[in-house]
Amino acid sequence: MTSPIGDRDRSDVDRAIALVDEATIVADASSLILAASENPGGTELIAVRVLETIASRLGGRGRRSTVAPGRPNIAIRFGPDPSAAVPGVLMLGHSDVVPAGEGWSADPFSPRVRDGWLTGRGATDMKGGLAAALQAMAAVHRVRPELPLELLVTVDEEDLATGIQAHLAEPPKPYRACIVAEPTDLAVVVACRGAANLEVEVRGRAAHAGRPEDGANAITTAARIAGWIADDHERMRRGATGLLGSATWSVGRIEGGHGTSIVPDRCTLLVDRRLMPGETGAQALGELEAGIARALGHDGCEASASLLMEMPGFETEPTHPLVSAAAGALEAEGREARIEAWTAACEGGYIARHHGCPTIILGPGDITGQAHQPDERVRIADLSAAARAYARLILALDP
């Protein structure tokens, strides 16, 4: 693929690329890593304050929107607000990180630069991507100040997605495109499954284990429900097609019972359901309720299911101009333009559905090999390549 940027615009691209500074990206990413924002277990406010400082230095303006005490979303804007005449480009990220956990070779929140890598919790997911996005937007703003650019940074992405849910209460805006800066190892992700978290509660009847027939065993019934979930998962996988394959089921946790001598009267299942684009959590809940009804049997147990969280998926056609522009931007950086689907979930589906804009995921770092692990790290060369690719992409989207 070749970049759609014409010769007329080449000087803008060259000037913007010249403004991207790798040392500044590393310094800003390091400041964000120092602003520990573990979720659950802390708040994102300290990281939001750092984002405000960076944005102000780069010429952007930040607007907080409080989601919960100590947990504000922040929208950082460069240039005018988007309008029907001049739609904006939206970049998306989140300020929280997963808990550091055990196994680190040094303090997780003391960033370390060594041998071309930046190490620290959030280096990959996704404070490195935030620093690269801000650097790119500031560079574009310097050469094209009339373009509306926005970086939306939400809270609570790693847990219950309350930050993006709060954003959905705002009116839709005219965005030309959304670029999610999550780590894709600099591949262009055009399709992403959504996710639904569900809970199943099984209610039985306690009895002495010496006469189990006097009770109703909630764990036994829960096992049958888990069996139905496994069978339905296999049914969906057999019909897998396209980039995303199929929806999936997975039982992530089972809890119940009081001891070996008591027939358990309660058991709870926590269930993950990956959603195909266009599917909803309500649909998954309906399927699960139908499966529960078939699995219950006549042993005296009852069961109910509830939807705890929903994150929609999205899919952008690989031939869409946004995808072509992203591929061209990577090729201009000497990178392979890989077009992929993602097995993880992200908040891009909310944006695609709410604002009606084409969406891709493109960011530095490896979501499976580096994120959510001890000694999380990102290659510094990928941070600067991402920033330059973002700048090229934004300018290529200019009408």
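Regarding the stretch 6-15, can at least one residue be identified that is outside any strand (DSSP E or B), among the acidic types (Asp, Glu), more than 27 Å from residue 326 (Cα to Cα) and free of Cβ contacts under 8 Å to residues at least 60 places away in the same chain? No, the conditions are met nowhere in the stretch 6-15.
The residues listed here are 218, 177; of these, the one that is surrounded by 22 or more Cβ atoms within 10 Å (Cβ to Cβ), small (Gly, Ala, Ser) and not assigned by TED's automatic domain parsing to the domain that holds residue 352 is 218. Can residue 297 be described as closer than 30 Å to residue 179 by Cα and at pLDDT below 95? Against the criterion (closer than 30 Å to residue 179 by Cα and at pLDDT below 95), residue 297 does not qualify.
Once the stretch 66-95 is narrowed to residues that are assigned to a loop (DSSP other than H, G, I, E, B) and touching a helix residue (DSSP H, G or I) at 6+ places or on another chain (Cβ under 8 Å), the residue that is nearest to residue 350 (Cα to Cα) is 95.
Here residue 49 meets the list (1) touching a Ser or Thr at 6+ places or on another chain (Cβ under 7 Å); (2) free of Cβ contacts under 8 Å to residues at least 40 places away in the same chain almost entirely, failing just condition (1).
Test residue 397 against the stated conditions and say whether it is buried (at least 18 other Cβ atoms within 10 Å of the Cβ) and either outside the structural domain of residue 138 (by TED's automatic domain parsing) or over 22 Å from residue 25 (Cα atoms) (or both). Criteria met by residue 397.
Taking the stretch 372-398 as the range and being within 14 Å of residue 126 (Cα to Cα), in contact with a helix residue (DSSP H, G or I) (Cβ under 6 Å, 6 or more places away or on another chain), charged (D, E, K, R) and not in a strand (DSSP E or B) as the test, only 376 passes.
Please determine whether any residue of the stretch 204-227 is farther than 30 Å from residue 315 by Cα, part of a helix (DSSP H, G or I) and among the hydroxyl-bearing types (Ser, Thr, Tyr). Within the stretch 204-227 (the criterion being farther than 30 Å from residue 315 by Cα, part of a helix (DSSP H, G or I) and among the hydroxyl-bearing types (Ser, Thr, Tyr)), the answer is yes, since at least one residue qualifies.
For the stretch 370-383, indicate whether the set of residues that are crowded, with 18+ Cβ neighbours inside 10 Å and more than 29 Å from residue 103 (Cβ to Cβ) is non-empty.
Taking every residue of the stretch 370-383 in turn, none turns out to be crowded, with 18+ Cβ neighbours inside 10 Å and more than 29 Å from residue 103 (Cβ to Cβ).
Among the residues making up the stretch 259-299, a single one is within 30 Å of residue 344 (Cβ to Cβ), part of a loop (DSSP other than H, G, I, E, B) and among the small types (Gly, Ala, Ser): 278.
Quick test for you: out of 5, 54, 25, pick the one residue that is modelled with pLDDT under 95, crowded, with 18+ Cβ neighbours inside 10 Å and of a type in the set (A, V, I, L, M, F, W, C).
Answer to the check: 5.
Just to be sure, is residue 329 crowded, with 22+ Cβ neighbours inside 10 Å, more than 30 Å from residue 289 (Cβ to Cβ), in contact with a Lys or Arg (Cβ under 6 Å, 6 or more places away or on another chain) and in contact (Cβ under 8 Å) with a residue 40 or more places away in the chain? Judged against the criteria, residue 329 is a match. Would you be able to say whether some residue in the stretch 255-273 is within 23 Å of the chain's Cα centre (by Cα) and closer than 30 Å to residue 338 by Cβ? Looking through the stretch 255-273, at least one residue is within 23 Å of the chain's Cα centre (by Cα) and closer than 30 Å to residue 338 by Cβ. Taken over the stretch 156-174, the criterion of being in a loop (DSSP other than H, G, I, E, B) and either hydrophobic (A, V, I, L, M, F, W, C) or surrounded by fewer than 21 Cβ atoms within 10 Å (Cβ to Cβ) (or both) is satisfied by 158, 159, 160, 161, 168, 169, 170, 171, 172, 173, 174. Within the stretch 323-365, the set of residues being of a type in the set (Ser, Thr, Tyr), closer than 18 Å to residue 165 by Cβ and in a helix (DSSP H, G or I) comprises just one member, 350. Restricting 200, 153, 140 to residues that are assigned by TED's automatic domain parsing to the domain that holds residue 273 and either in a helix (DSSP H, G or I) or in contact (Cβ under 8 Å) with a residue 24 or more places away in the chain (or both) narrows the list to 200. Scanning the stretch 225-253 for residues that are among the small types (Gly, Ala, Ser), under 23 Å from the mean Cα position of the chain (by Cα), under 29 Å from residue 301 (Cβ atoms) and surrounded by 13 or more Cβ atoms within 10 Å (Cβ to Cβ) returns a single hit, 247.
The values are calculated or read from the model by the stated rules, or taken from the named source; none is laboratory data. This is a predicted model, so every value here is computed, not measured. Don't worry about glycine lacking a Cβ; one is built from the backbone with ideal geometry, like all the others, and counts go over all protein chains shown.
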